[in-house]
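Student: Pasting in a structure now, in C-alpha cells, and then I'll have a few things to ask.
Every read-out reported here was derived from the displayed coordinates using simple, explicitly stated rules and does not represent laboratory data. Keep in mind that what you see is a predicted model, and the values were worked out from it rather than measured. Positions of Cβ are backbone-derived with ideal geometry, glycine not excepted, and every protein chain shown enters the neighbour counts.
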Amino acid sequence: MTPLSSIIITVFATFFGAGGALFLKKGSDKLSLTLKSLFQFHIFLGLFFYVVSVSLVIYALKKGELSIIYPIGALTYIWVTILSAKILKEKISIYQCISVALIFLGVIIISIG
C-alpha cells in the first residue's frame with residue numbers, strides 16, 4: 001500500500017518537473033551548439049528543477065509502489081500545459097484540454113484505487 005505522504009511528495013515532484021520543462025523551453029530560445037550555452041541561467045535552472053523532481057520521486061518510491069507513484073507523474077503534463085498557456089502564451093486546443101482532463105481523471109482513479 002502506498003502511503004499518502006508518498007503520493008503528496010510525488011505531486012510536488014510534478015510541479016518541479018513542469019517548472020524544469022518551462023525553464024528549459026525559455027532557455028532553448030538562446031541555445032547554441034556550445035558548451036557555454038548549457039550553463040546559461042534558464043537551462044541550468046531547468047536541469048536543477050528536474051534533479052529536484054527526480055530526487056523527490058526516488059524518495060516517494062522508498063515507501064510507495066511504482067505502479068501508483070509513476071502514473072501520478074503524468075500530472076506533470078497537466079502543469080506543463082497550464083504553464084505553457086499562462087506564461088508562454090501558447091494556444092491550447094480542445095483536444096489538449098480533453099487530454100488533460102483524461103490524464104487528471106486517470107491519476108485520480110489510480111490514486112484512490
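Student: What spacing in nm lies between the two simple spin-label points modelled at ILE58 and ILE87, each 7 Å away from Cα in the Cβ direction?
Tutor: 2.4
Student: Per-residue HN-Hα couplings for the range 92-108, Karplus 6.51 cos²θ - 1.76 cosθ + 1.60 at θ = phi - 60°, whole Hz, x for Gly and Pro?
Tutor: 10, 7, 4, 5, 5, 4, 5, 4, 4, 4, 5, 4, 4, 4, x, 5, 4
Student: Another question, if that's okay. Run the numbers on the range 21-71 and let me know its relative contact order in percent, using alpha-carbon pairs under 8 Å that are six or more apart.
Tutor: Averaging sequence separation for qualifying contacts and normalising by length gives 30 percent for the range 21-71.
Student: A follow-up question, please. Once the Cα atoms of helix 75-86 and of the chain are each reduced to a long axis, what angle between those two axes, in degrees from 0 to 90 to the nearest 10, is obtained?
Tutor: It is inclined by approximately 40 degrees.
Student: Okay, moving on. If amide H atoms are built 1.01 Å from N in the plane of the peptide, which residues on other chains or at least 5 residues away come under 5 Å of the amide H of THR2?
Tutor: Here GLU65 satisfy the definition.
Student: Oh, and also: From the phi of every residue in the range 24-36, what ³J(HN,Hα) in whole Hz does the Karplus formula 6.51 cos²θ - 1.76 cosθ + 1.60 yield, where θ is phi - 60° and glycine or proline is x?
Tutor: Coupling constants for the range 24-36: 5, 5, 4, x, 5, 4, 10, 6, 10, 8, 10, 5, 4 Hz.
Student: For every helix of n ≥ 4 consecutive DSSP H residues, a contribution of -39,500 (n - 2.57) applies; sum these over the chain, divide by its total residues, and give [θ] at 222 nm rounded to the nearest 500 deg cm²/dmol.
Tutor: Taking each H run of at least 4 residues, the total per residue is -25500 deg cm²/dmol.
Student: So which of LYS26/LYS89; LYS36/LYS89; LYS30/LYS91; LYS26/LYS91; LYS26/LYS86; LYS25/LYS89 end up more than 24 Å apart by C-alpha?
Tutor: LYS36/LYS89
Student: With label points built 7 Å along Cα→Cβ from the Cα atoms of LEU31 and ILE112, find their separation and express it in nm.
Tutor: With each label point 7 Å from Cα toward Cβ, the separation is 3.9 nm.
Student: Please list 3J(HN,Hα) in residue order for the range 62-68, calculated via the Karplus relation 6.51 cos²θ - 1.76 cosθ + 1.60 where θ = phi - 60°; whole Hz, with x for glycine and proline.
Tutor: Result, rounded to whole Hz: 4, 10, x, 7, 4, 5, 9.
Student: State, to one decimal in nm, how far the label point of LEU102 lies from the label point of SER67, with both points 7 Å from Cα in the Cβ direction.
Tutor: 2.3
Student: Something else: Mind ordering 55-64, 27-36, 82-91, 7-16 by average Cβ neighbours within 10 Å, highest first?
Tutor: Output ranking for 55-64, 27-36, 82-91, 7-16: 7-16, 55-64, 82-91, 27-36.
Student: Do you know the relative contact order of the range 4-112, to the nearest whole percent, from alpha carbon pairs under 8 angstrom that are 6+ apart?
Tutor: Relative contact order for the range 4-112 comes out at 35 percent.
Student: Magnitude of the Cβ-charge dipole of the chain, K/R +1 and D/E -1, about the Cα centre, nearest 20 debye?
Tutor: 320
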